[in-house]
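The values are calculated or read from the model by the stated rules, or taken from the named source; none is laboratory data. Since this is a predicted model, take the numbers as computed values, not measurements. All Cβ positions, even for glycine, are placed from backbone atoms using ideal geometry, and neighbour counts span all protein chains on display. For the accessible areas, the whole protein counts, side chains as well, though only heavy atoms, and no ligand, DNA or RNA atoms are used. Shrake-Rupley method; radii C 1.70, N 1.55, O 1.52, S 1.80 Å.
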Amino acid sequence: MTSLSTPAAAPAASARDTRLRPVPWRKLTWVIWRQHRIALAGVAVLLAGLAAYLVFQGLKIHHAYATVAACHPAGSIACEDIQNDFNNTYWTGAEITAALLQAVPALIGAFLGAPALARELETGTYRYAWTQGFERTRWAAGKLATLAVLITAATAAFSQLFSWYYQPFIAEGQQSSLIPAMFDLHGVAFAAWTLAAFTIGALAGMLIRRVVPAMATTLAVWAGLALATPAFLRAHYMTPLTTTSPNTSNGTSWVLRQWYTGPGGKPVSQTTITQLIQGYQPQTTRISPTTTQTTLDPVGYLAQHGYTQWTSYQPASRFWPFQLIEGGWLLALSLLLIAATIWLVRHRAA
């Protein structure tokens, strides 16, 4: 048999396919953990420190509130003194705590979301990753999905702890869980806002490809969205109720707007109401030879003159419907941002 008629030998296995097989998801997850373990550890330390404070302070608040709840009759002077002492001791600290916690989602979005892709894009190491079996779509989807699940689960658990911490103030009607300063720290909203901040950061990192500018952009965009939502959107999730009851703004409902109508049923200005109130004389009742009690009822005084106070509000019973609505559109936004980020990785990262 000549060399011309000899059958060609089968090519070696390495010659048949020189491409690397895709890295299994389990190993990809391990690589993601190794890359982002410092940032994840920072998030864990932040949430753990805040959680320790909430537990420590919450135990004191719940213990003190047990004395308030056990006092009877509730309207007595002694019970009112106990309640005032409770509010004076703990209310300011709880307000400051809630205000500081508003920044947690933005910080996670800036320090974990923005560098998730931007760091490798800025340094160019993503090209090496793609030669090791990390195809670009798997690289982006694996990073975003893994980190998103971790932070969403952690912040969902943290929001439950905050709800327990703050419950005494809501139970006594000191604060409504629907008001903007409280709403997004309860229920599913806190985790949804954190997820949205993370995906905003990831998209900003993909677009800008530099870590520090992406972090600044994340903070700015998140702040704009967080301010616009309660100002223009949240109040309209459901049609507000309208009432003439003076007891609506007792802390349990979210009061949106108040106005007065005159004897003819037409709205009147606040200047007119102020001028009328100047002529109001509170009713004084003598309850003992040496003690008098003053009753303040300016709304009743205005009603006697044909002026009616109207209040537009969202009742506290709508808390969970509002939570589900806001959590739903934030989740949809987050998924859209993740999809946009992955699309950009596929078409613009090379």
Inset, instruction - Over segment 179-226, give the accessible area per residue in Å² for a 1.4 Å probe, as an integer. - result: 30
Inset, instruction - Please turn the phi angles of segment 259-275 into ³J(HN,Hα) values with the Karplus equation 6.51 cos²θ - 1.76 cosθ + 1.60 (θ = phi - 60°), one per residue in order, whole Hz, x for glycine and proline. - result: 7, 10, 10, x, x, x, x, 8, x, 10, 7, 5, 5, 4, 5, 4, 5
Legend entry - Cα point-scatterer Debye curve for segment 109-213, base-10 log of I(q)/I(0) at q = 0.10, 0.16, 0.23 Å⁻¹: -0.39, -0.74, -1.12
Inset, instruction - Whole number in Å², please: accessible area per residue of segment 300-350, 1.4 Å probe, ligands, DNA and RNA not counted. - result: 51
Legend entry - Karplus 3J(HN,Hα) series, Hz, for segment 39-49 with 6.51 cos²θ - 1.76 cosθ + 1.60 (x for Gly, Pro): 5, 5, 5, x, 4, 4, 5, 4, 5, 5, x
Inset, instruction - Would you mind putting 195-205, 331-341, 48-58, 136-146 in packing order, based on average other-beta-carbon counts within 10 Å, highest first? - result: 195-205, 136-146, 331-341, 48-58
Legend entry - Positive minus negative residues near Ile61 (Lys, Arg vs Asp, Glu; Cβ under 14 Å): -2
Legend entry - Accessible surface of segment 101-230 [probe 1.4 Å, protein heavy atoms]: carbon and sulfur percent: 70
Legend entry - Accessible area in square angstrom per residue, segment 28-113, 1.4 angstrom probe: 55
Legend entry - Note, ³J(HN,Hα) from phi for segment 71-78, Karplus 6.51, -1.76, 1.60, rounded to Hz, x at Gly and Pro: 6, 9, x, 4, x, 6, 5, 4
Inset, instruction - Could you tell me the accessible area of Glu120 in Å² (1.4 Å probe, neighbours in place), rounded to the nearest ten? - result: 20
